[in-house]
Amino acid sequence: MDFEPQRIIKLDESVVNRIAAGEIVQAPVNCVKELIENCIDAKSRQIQVTVKMGGLKSIQIVDNGTGILKENLDILCERFTTSKLKSYEDLQQIGTYGFRGEALSSISMISRVTLQTKTKDEIVAYKVKYENGNMMGKPVPCAGNQGTSITIEDLFYNVPIRQKTLKSPFDEFSKIFDCISKYAVHNYKISFTLKKYGENNSIKTQISESPIDIVRVIFGNEVANSLLKVKTGDEGLKFQMEGYISNANYSGKKGQFLLFINHRLVESKSLKKALFDDLYRTVLPNTVQPFIYMSIEIDPRNVDVNVSPTKHEVSFLNEDLIVENIKNEVEAVLLKTNETRKMYTQQLLPGAAQITFETSLKEKDKIYAKDMIRTDPKSQSIIKFLNQSTESPNVSQIVQSSPETRKLQKKQIESTSLSSIKELMVEVEKSCNQNLKEQLKSLKFVGNVDRTKSLIQCENVLYLCDTRRLGWELFYQLSLKYFENFDVFEFEDPLDIKELAMIGFNLEECSWNEDDGPKEELSKQVESILLEHKEMLQEYFSITITDKGLQSLPIIIQDYAPVFGHLPMFIVRLAADVNFDDEKECFKNICSELATFYSKWSVKESNEKEFEYLMEHVIFPKIQSHLQPPEKFVNDETFLKLTSLQELYKVFERC
């Protein structure tokens, strides 16, 4: 095999520039970050950002800063042109955001840039376009205010492979939202505006006196009200830190770490680990993450800001000692507030009700021992054999609801005329296993194995059944059966839809992440979708939604209320997972979501006796009388045959 040395060639300058651009600008958010930093360096007090298609189509950033001199416009987008740096030694004392002169050059290499600028001493503004780092024509005089407006269009138009690796416009906008949120908190004396093209503002902050004011606007009152101020420093280590941390009562599901070193938004894995993993994990439950904002100032001579092309990481001297110092201060502040810490139990949503079951125990006919699974022949179940008390428990504790709900009168059931519902009911009938249905008519509850499995006897056969699957199927079928005829739980105080949705997005079950978009915006979308279909939801499902909030829910089984702690997730799924464009699919989806919500009976909150009462006297009687078990139950182990009396007698007949 012939091994010939390869000739080394010098890359064309355009290729070099394109490679450099790919390192600095990896997504629309990088453009926004670089240009915002330029605006701040230009002493702007108002920064407005408008994006189209998540920044892929266009990004416009307008500020009221010092502007750019006309004589500098010709080299503005060339590489390594900067007003912040004159010699290499100046890197040791960088006090601004931009300094390498690569941001605008890189952006112009992969997009079409239009710039309009005016300084306070110039009579007119000047407008100019750039491509591939070069000015296209001469600056054109035009009318304009002091400051700079930069418009970036068709980002990555000449790098198609990068376009394919980007996420959806919605995801890219979420990253931009997160970036501007952090800069707005740190630069609270600057007004920030962010919006999508043609839509209302997503972020709108005013010049404030404290970062807490901005946190309240962007992240909400819960975060702002939980913040504690921290401050520390060390002359020997040459650093100062000020910031705000959430207290031990904070219950956010998603952590936020806003870290600025010498006013530059950066990341620090060592500091985040020390605070989030080593400190807060011992204070908060595993599902709760803190909110931390910190501004650290270190002697510029001890900081290397030139580590990363995107400048998202910095390196500094004595990192371990500084991190330990900050951790100790945060721990001390948290300990001071330990005396006022709240210990949370299962909380009720506003407007939820305590529902008392009125089901009475009925006398059963005497059952001979040979017809029962081996228990006390005077008892009806293993549970009663083990627990001699026949007193019915206070099952009102099984559900978490509010004393302010009231149950309306029972309706007369009338058959629906909608063909879509009739078709869905026919599908249920066709899928029913008739043999299993006949067996369920003789169902006798034996006992619970755990909170998801129960033992039942059908004729002389003992089954282990999955109560979660049975419950879901039962509530789905009853939702179809009572379509347009539901009894109603009515809330005296309506529940705020946006507030419920926000709680839902904070739940671990929701699996929300940054790429999904801001929770506040998603909560508004949930409210908008449900209000748009409120007439249908009320008429067919007794789900009453008004501008004031959620006012009623359907009663699917008498003397049973859902666990209102699961209501936020139900609201989110009702808006997100229902196809409102197709009638049949819509009704099927809503019945499915009702089944999911109502079949999540209180597992952790109720005690054993109450849970057994619920299963034996509320759920399984309905299963016996109303459930049409689908064919899949035979094969998916919803019903698992354990044994039969005949088989047991064969084993023990010699005893």
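The set of residues in region 133-157 that are over 15 Å from V32 (Cα atoms), surrounded by fewer than 18 Cβ atoms within 10 Å (Cβ to Cβ) and in contact (Cβ under 8 Å) with a residue 60 or more places away in the chain comprises N145, Q146.
Residue-wise test of (1) part of a helix (DSSP H, G or I); (2) out of contact with any strand residue (DSSP E or B) (no Cβ under 8 Å at 6 or more places or on another chain); (3) at pLDDT below 90.
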position	(1), (2), (3)
L574	yes, yes, no
D581	no, yes, yes
N589	yes, yes, no
E593	yes, yes, no
S602	no, yes, yes
I619	yes, yes, yes
E637	no, no, yes
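Residue under question is Y463, and the condition is that it be out of contact with any Asp or Glu (no Cβ under 6 Å at 6 or more places or on another chain), aromatic (F, W, Y) and more than 23 Å from A576 (Cβ to Cβ); does it hold? Outline the logic, then answer.
Working: out of contact with any Asp or Glu (no Cβ under 6 Å at 6 or more places or on another chain): yes; aromatic (F, W, Y): yes; more than 23 Å from A576 (Cβ to Cβ): yes.
Judged against the criteria, Y463 is a match.
Among the residues of region 570-604, what is the count of those that are more than 30 Å from K453 (Cα to Cα) and among the hydrophobic types (A, V, I, L, M, F, W, C)? Going through region 570-604 one residue at a time, the tally reaches 4. Might you check whether a residue that is part of a strand (DSSP E or B), within 29 Å of the chain's Cα centre (by Cα) and over 26 Å from K253 (Cα atoms) occurs anywhere in region 140-155? No - not one qualifying residue is present in region 140-155.
How about region 416-510: which helices (runs of 4 or more DSSP H) wholly inside it have at least 2 residues that are under 30 Å from T287 (Cβ atoms) and open to solvent by 50 Å² or more (accessible area, probe 1.4 Å)?
Details: elements: 419-430, 434-440, 467-481, 497-506.
Helices (runs of 4 or more DSSP H) meeting the threshold: 467-481, 497-506.
Considering only residues of region 236-246 that are open to solvent by 20 Å² or more (accessible area, probe 1.4 Å) and either under 21 Å from the mean Cα position of the chain (by Cα) or modelled with pLDDT under 90 (or both), which is farthest from P211 (Cα to Cα)? Write out each step before concluding.
Residues of region 236-246 that are open to solvent by 20 Å² or more (accessible area, probe 1.4 Å), as a first pass: 236-238, 240, 242, 244.
Among the residues that remain, those that are also either under 21 Å from the mean Cα position of the chain (by Cα) or modelled with pLDDT under 90 (or both) are: 236-238.
Values: G236: 28, L237: 26, K238: 24 Å.
Among them, the one singled out is G236.
Kindly evaluate I75 against the criterion of being modelled with pLDDT of 90 or more and of a type outside the set (S, T, Y).
Values: modelled with pLDDT of 90 or more: no; of a type outside the set (S, T, Y): yes.
Here the answer is no, as I75 does not meet what is asked.
Scanning region 423-460 for residues that are of a type in the set (A, V, I, L, M), over 30 Å from D582 (Cβ atoms) and touching a Leu at 6+ places or on another chain (Cβ under 8 Å) gives L440, V446, V449, L455, I456. In region 221-231, is there at least one residue being touching a His at 6+ places or on another chain (Cβ under 6 Å), touching a residue at least 12 places away in the same chain (Cβ under 8 Å), of a type in the set (A, V, I, L, M, F, W, C) and not in a loop (DSSP other than H, G, I, E, B)? No, because not a single residue in region 221-231 is touching a His at 6+ places or on another chain (Cβ under 6 Å), touching a residue at least 12 places away in the same chain (Cβ under 8 Å), of a type in the set (A, V, I, L, M, F, W, C) and not in a loop (DSSP other than H, G, I, E, B).
Residues checked against (1) under 19 Å from G54 (Cβ atoms); (2) buried (at least 16 other Cβ atoms within 10 Å of the Cβ):
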site: K120; (1), (2): no, no
site: Y126; (1), (2): no, yes
site: Y130; (1), (2): no, yes
site: K175; (1), (2): yes, yes
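Kindly indicate whether Y540 is open to solvent by less than 50 Å² (accessible area, probe 1.4 Å) and assigned to a strand (DSSP E or B). It is false that Y540 is open to solvent by less than 50 Å² (accessible area, probe 1.4 Å) and assigned to a strand (DSSP E or B). Would you call Y598 hydroxyl-bearing (S, T, Y), open to solvent by less than 10 Å² (accessible area, probe 1.4 Å) and touching a residue at least 60 places away in the same chain (Cβ under 8 Å)? So Y598 fits the description; yes. The condition (being among the charged types (D, E, K, R), exposed (fewer than 15 other Cβ atoms within 10 Å of the Cβ), over 21 Å from the mean Cα position of the chain (by Cα) and assigned to a loop (DSSP other than H, G, I, E, B)) is satisfied by just one residue among K164, K189: K189.
What is the residue count in region 192-216 for residues that are under 19 Å from the mean Cα position of the chain (by Cα), buried (at least 20 other Cβ atoms within 10 Å of the Cβ) and not in a strand (DSSP E or B)? Looking only at that region, the number is 1. Screening S552 with (1) in a strand (DSSP E or B); (2) closer than 11 Å to I497 by Cβ; (3) among the hydroxyl-bearing types (S, T, Y) gives one miss only, at (2). Within region 225-234, the set of residues being out of contact with any helix residue (DSSP H, G or I) (no Cβ under 7 Å at 6 or more places or on another chain) and either modelled with pLDDT under 90 or closer than 16 Å to E331 by Cα (or both) comprises S226, K229, K231, G233. Evaluating K311 against the criteria (1) charged (D, E, K, R); (2) at pLDDT 80 or above; (3) over 21 Å from the mean Cα position of the chain (by Cα) leaves one unmet condition, (2).
Within region 253-269, restricting attention to residues that are out of contact with any helix residue (DSSP H, G or I) (no Cβ under 6 Å at 6 or more places or on another chain) and within 17 Å of Q240 (Cβ to Cβ), the residue that is surrounded by the most Cβ atoms within 10 Å (Cβ to Cβ) is I261.
The values are calculated or read from the model by the stated rules, or taken from the named source; none is laboratory data. From a predicted model like this one, the values you see are computed outputs, not experimental measurements. FYI the Cβ positions are ideal-geometry reconstructions off the backbone, even for glycines, and counts take in every protein chain you see. Ligands, DNA and RNA are stripped out before the accessible areas are found, and what is left, the full protein with its side chains, is counted by its heavy atoms. Shrake-Rupley method; radii C 1.70, N 1.55, O 1.52, S 1.80 Å.
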